[in-house]
Amino acid sequence: MPFQVATAIPRRAVTPAAFVRGVVAAYARYGLDPAEALQRGQIAPDLVNSPDGRVTAAQFEALAGHAMRELDDEALGWFSRRLPFGTYGMLCRASITAPTLEVALKRWCRHHRLLTEDVRLDLEVGEETATVTIRELRDLGAFREFCLVTLLRYVLGFSCWAVDSRIALRAAEFPFSEPGHVSVYPTIFSRTIRFDAAHAAIVFDKHYLSLPLTRSPVDLDNMLKGALRLTVLPYRRDRLLVERVRRVLRNARGRSLGAEDVASELALSTRTMHRRLREESTSLRDLKEEAKFELAKQELMRGRTPIKRIAEIAGFRNEKSFSRAFRTWTGASPREFRGRYR
C-alpha cells in the first residue's frame, strides 16, 4: 500500500468486513485464491461474509498490503486496468514538492487522471470551504464503496501527513445509500456524513489549503515504508485549531458558549480541545476575550448600534462592564473609539 498517515493507530477492530470482502473480490477478479492474504491478516474465513464483522487496522494493513503486492494492483481491482505496486507512491512524489497544500492537491487530482480514466478527482475552492470530489466515469460495480472510501482516505491521509496537521472535515459525502456498517464512517471521516449524494467528496475549511508542505523527499521515503491504514484515528495535530475556535466564537454573536459547546462544534472532547490550545500557546478564555473585542470593534465602527446593545452582543452583563473592558483593550472608551470612525 502507498503510505501511512496517522500518529496513533487504534488497536480495536473497527474496519468492517465489507472492506475485507472488497479485497477478496479483487482476487476473484484476477482468478486467484485470497487464502494466503487472509492468513497474513489473521482473518478467519467465516468473518469475511459476516454482516457485523470487524478487523483491526493492523489486520487490514497486512491483508491489503499482501494483496496489492500479490495482485500487483494498488487499486485492488477497482479500475479497468491495474495500477502496479508503487503507483500511489509515485503520485505522492509528484505532489510533495508543491509549496502549499492547494498546489499539491491540484497536482494530485491532475496526475490521478494519468492513472485511470474510470474516475476523475477535482479540487473546488469556495468562499469558505474546499472540496475534493470524485466523479465516476465508469460503473464501479461491487467495488464502488470500497474504491470511493479508499480514494478519499488516500487524499486525506497524504494531505494530513504532508502539512503535518489534522484536516478537520466539515462533511464527507457518498453517492450510495447508508451501509449497514455506517458506524465506522465518523471514525475515518467526520461526524457529518451524507449518503445518496451526487458524488463522493470531502469538504473542509479552505484555510488548510494555504498551509505549506513540511515534508522532504527523505521523509517521503520513510513514510512510504509504512502502509495506509483505513481505520486509523484522525491525524492528531491540527494547525488550524485556533482559527476554528475563533470561527465558532464569532458565529455565536453574543450567545454564551461554554467549553463543552465549543468542543462539540469541533467534534473534540473538552479535555483534548484545552490541551491542544495550550500546545498552541493560547486558551479558550483568551480566544473568547479576543472574539468579544473583535465583535465590539466591528459594531462600533459601523456607528449605528447603541452601545448598550453592543455590550449585549459582545456578551457583557451591562454597559458599564463593557466600557471598563474596552478601555483596558484600547485605552479608549467605546464612545471615544466610535468617534474616531465618524
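The values are calculated or read from the model by the stated rules, or taken from the named source; none is laboratory data. These numbers come from a predicted model, not from an experiment. So basically every Cβ, Gly included, is an ideal-geometry build from the backbone, and we count neighbours across all protein chains shown.
Looking at Glu336, Glu312, which one is more than 21 Å from Leu287 (Cα to Cα), among the acidic types (Asp, Glu) and either in contact with a helix residue (DSSP H, G or I) (Cβ under 9 Å, 6 or more places away or on another chain) or modelled with pLDDT under 85 (or both)? Walk me through it before giving the result.
Values: Glu312 fails: more than 21 Å from Leu287 (Cα to Cα).
Of Glu336, Glu312, the one residue that is more than 21 Å from Leu287 (Cα to Cα), among the acidic types (Asp, Glu) and either in contact with a helix residue (DSSP H, G or I) (Cβ under 9 Å, 6 or more places away or on another chain) or modelled with pLDDT under 85 (or both) is Glu336.
From Arg120, Arg110, Arg144, which residue is without any contact (Cβ under 8 Å) to a residue 40 or more places away in the chain, under 22 Å from Ala67 (Cα atoms) and of a type in the set (D, E, K, R)? Steps first, answer last, please.
Details: Arg120 fails: under 22 Å from Ala67 (Cα atoms); Arg110 fails: under 22 Å from Ala67 (Cα atoms).
Result: Arg144 is the single residue among Arg120, Arg110, Arg144 that is without any contact (Cβ under 8 Å) to a residue 40 or more places away in the chain, under 22 Å from Ala67 (Cα atoms) and of a type in the set (D, E, K, R).
Could you grab me the full set of residues in segment 306-328 that are over 21 Å from Val262 (Cα atoms) and surrounded by fewer than 16 Cβ atoms within 10 Å (Cβ to Cβ)? Reasoning before the result, please.
First pass over segment 306-328, keeping only residues over 21 Å from Val262 (Cα atoms): 306-311, 318-328.
Answer for segment 306-328, where residues must be over 21 Å from Val262 (Cα atoms) and surrounded by fewer than 16 Cβ atoms within 10 Å (Cβ to Cβ): Pro306, Lys308, Arg309, Asn318, Lys320, Ser321, Arg324, Arg327, Thr328.
Inside segment 86-117, can you point out the residues that are at pLDDT 95 or above, surrounded by 17 or more Cβ atoms within 10 Å (Cβ to Cβ) and either assigned to a loop (DSSP other than H, G, I, E, B) or not assigned by TED's automatic domain parsing to the domain that holds Gly22 (or both)?
Ala98, Thr116
Step by step: first the residues of segment 172-185, then only those that are surrounded by 15 or more Cβ atoms within 10 Å (Cβ to Cβ) and farther than 20 Å from Ala142 by Cβ, then the one that is nearest to the chain's Cα centre (by Cα). Which residue is that? First the steps, then the outcome.
Here is the first cut: in segment 172-185, the residues surrounded by 15 or more Cβ atoms within 10 Å (Cβ to Cβ) are 172-175, 179, 181, 184-185.
Right, trim to farther than 20 Å from Ala142 by Cβ and you get 172-173.
On the way: Ala172: 9, Glu173: 12 Å.
Within segment 172-185, the match that is nearest to the chain's Cα centre (by Cα) is Ala172.
Could you say whether any residue in segment 152-171 is more than 17 Å from the chain's Cα centre (by Cα) and surrounded by fewer than 21 Cβ atoms within 10 Å (Cβ to Cβ)?
First, the residues of segment 152-171 that are more than 17 Å from the chain's Cα centre (by Cα): none.
No - not one qualifying residue is present in segment 152-171.
Within segment 39-93, take every residue that is in contact (Cβ under 8 Å) with a residue 12 or more places away in the chain and acidic (Asp, Glu) and give me the one that is farthest from Tyr154 (Cα to Cα). Talk me through it step by step, then tell me what you get.
Step one: filter segment 39-93 for residues in contact (Cβ under 8 Å) with a residue 12 or more places away in the chain, giving 40-43, 47-81, 83-89, 91-93.
Filter again for acidic (Asp, Glu), leaving 52, 61, 70, 72-74.
On the way: Asp52: 25, Glu61: 14, Glu70: 20, Asp72: 18, Asp73: 15, Glu74: 11 Å.
Out of the qualifying residues, it is Asp52.
Within segment 37-74, how many residues are touching an Asp or Glu at 6+ places or on another chain (Cβ under 9 Å) and under 16 Å from Leu151 (Cα atoms)?
Of segment 37-74, the ones touching an Asp or Glu at 6+ places or on another chain (Cβ under 9 Å) are 37, 41, 53, 66-68, 70.
From what's left, under 16 Å from Leu151 (Cα atoms): 68.
Of the residues in that region, 1 qualify.
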